[in-house]
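The structure appears right after this line, and notes come after that.
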Amino acid sequence: MKRFQLIGGLALFGAVLLLLVGVVSAAKSPPPPEPLAPVEALGKAIFFDENLSLNRNQSCATCHAPEAGWVGAKNIFNEAGSVYEGSIAGAFGDRKPPSAAYATTSPIFHYDEKAGLWVGGNFWDGRATGNRLGNPAADQAQGPFLNPVEQALSDSACVVYRVCMADYPVDMTEVYPGACNITWPAGTDTACGVEGSVIGLSPGDRATSNMAYDSIALAIAAYEDSREANAYSSKFDAVYDKQAKMTKLEKKGYNIFRGKGKCSLCHLDKGADPLFTDYTFDNLGIPKNPENPVYQGNPDFVDPGLGGFLMNSGYDEEIYEAEWGKHKVPTLRNVALAPDGVVKAYGHNGYFKSLYGIVHFYNTRDILPECPGDYTEAEALAANCWPAPEVMENMNTAELGNLRLTYAEEMALVAFLEMLDDGYLP
């Protein structure tokens, strides 16, 4: 009898233990993803639709792949010039794709009188100001569709036509009633696949198409603002929520990040859900990327960054010259995220091919000898030198260049940065 009582007691104990284990496991499991709102689902469908390019071969996700931290995930480009080929074969721009994640957090482009700094906007030079649609991410979303070296459609009406004709899980008119009430001329489908075509719409239909094009951009921005893109699910977030602990190496790196490394001066980390950027612009003295395809047609190319945008916007010479060569401070979220074997490039021109490389550059830019030529990152690391900056003017010498970090401290900083990738499971 006692034997059966013991067996029964053990069985009950085992059942309770399994139940407790299940409760603990459930408590540690990540919550299910929030379902997308209709406008976010529409934006997602548009974001991944390759049909929205001249040759139906390139989507937003081509250059902003979620699995690579919402930047490009193709080694054929990342390992070299880091500039992505457009819908037209052989068409290239001159900059590396920035991250599309956390882009919606950037404020409208403006000049901060108190700080004496330009702040906000999207793209590396801030030219997607947000002044048109009230959101820099929405302004940015309209650029690639009509850029001849990106998705290369020549008329915004072609974007609207293809979205209205698409079989998406959420229809355009479900989110924006009346957006597709357009009488399309015969041959629109063919014309949209021809470079330089302009669709002959009536004034009323053109006005409707223009409003629909703005709605498409706002839908993309809504998706980019969803928890799929702005997940806040890194190990750093788990530590903040007391669901994980830093290793000794990560903690050492975090202390360097906030102290000796001076990283947090621009990549702000305070409070819940920090964005690790201050949305300002800096010239870091990054060398030109000798493999950038822009040099094939323009060997004297120099990227003016924010200064070029201000110059083209009609600002006085003294204003734009003070910003020449500056590029936007990017978020560090997902800075290391990439599938196995995929190289990530860093800097506005993708010169750096490793987190260690760019950390070492920040640490030693001003103390290593100048390379005798246009070395790649690999060549510079092997020769223990750095090439001359692409732009010498306005270079930040106060917050980087000679940080006096040891190799061990550099690697600790890399370990901390790797904590910032979304998708961590406690």
- Message: Can you tell me which residue is farthest from Val343 (Cα to Cα) among those in segment 75-87 that are of a type in the set (A, V, I, L, M) and part of a loop (DSSP other than H, G, I, E, B)?
- Response: Val83
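Does Tyr232 count as in contact with a helix residue (DSSP H, G or I) (Cβ under 8 Å, 6 or more places away or on another chain) and either of a type in the set (Ser, Thr, Tyr) or in a helix (DSSP H, G or I) (or both)?
For Tyr232, the condition - in contact with a helix residue (DSSP H, G or I) (Cβ under 8 Å, 6 or more places away or on another chain) and either of a type in the set (Ser, Thr, Tyr) or in a helix (DSSP H, G or I) (or both) - is not met.
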- Task: Scan segment 193-243 residue by residue and report those that are exposed (fewer than 15 other Cβ atoms within 10 Å of the Cβ), under 29 Å from Ala103 (Cα atoms) and either touching a His at 6+ places or on another chain (Cβ under 8 Å) or among the acidic types (Asp, Glu) (or both).
- Result: Asp241
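Can you pull out the residues in segment 88-124 that are part of a loop (DSSP other than H, G, I, E, B) and over 20 Å from the mean Cα position of the chain (by Cα)?
Residues satisfying the conditions are Ile88, Ala89, Gly90, Ala91, Glu113, Lys114, Ala115, Gly116.
This table checks each residue for (1) crowded, with 20+ Cβ neighbours inside 10 Å; (2) at pLDDT 95 or above; (3) under 23 Å from the mean Cα position of the chain (by Cα).
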| position | (1), (2), (3) |
| --- | --- |
| Leu381 | no, yes, no |
| Thr397 | no, yes, no |
| Gly401 | no, yes, no |
| Tyr407 | no, yes, no |
| Leu420 | yes, yes, yes |
| Pro426 | no, no, no |
- Message: Please go through segment 261-302 and give me each residue that is surrounded by fewer than 16 Cβ atoms within 10 Å (Cβ to Cβ), polar (S, T, N, Q) and assigned to a loop (DSSP other than H, G, I, E, B), ordered by number.
- Response: Asn298
- Message: Which condition from (1) touching a residue at least 60 places away in the same chain (Cβ under 8 Å); (2) among the hydroxyl-bearing types (Ser, Thr, Tyr); (3) buried (at least 20 other Cβ atoms within 10 Å of the Cβ) is the one that Thr62 breaks?
- Response: (1)
- Item | From the options Tyr362, Tyr346, residue that is over 20 Å from Ala68 (Cβ atoms), of a type in the set (Ser, Thr, Tyr) and modelled with pLDDT of 95 or more | Tyr362
- Message: When you scan segment 367-376, do you find a residue that is over 22 Å from Phe77 (Cα atoms), surrounded by 14 or more Cβ atoms within 10 Å (Cβ to Cβ), in contact with a helix residue (DSSP H, G or I) (Cβ under 9 Å, 6 or more places away or on another chain) and assigned by TED's automatic domain parsing to the domain that holds Val294, even just one?
- Response: yes
- Taking segment 355-405, which residues are among the acidic types (Asp, Glu), in contact (Cβ under 8 Å) with a residue 60 or more places away in the chain and over 14 Å from Lys262 (Cα atoms)? Asp374, Glu390, Glu393
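The values are calculated or read from the model by the stated rules, or taken from the named source; none is laboratory data. Treat the numbers as computed from the prediction; the structure is a model and nothing was measured. Every residue, glycine among them, receives a Cβ derived from its backbone with ideal geometry; neighbour counts consider all protein chains shown.
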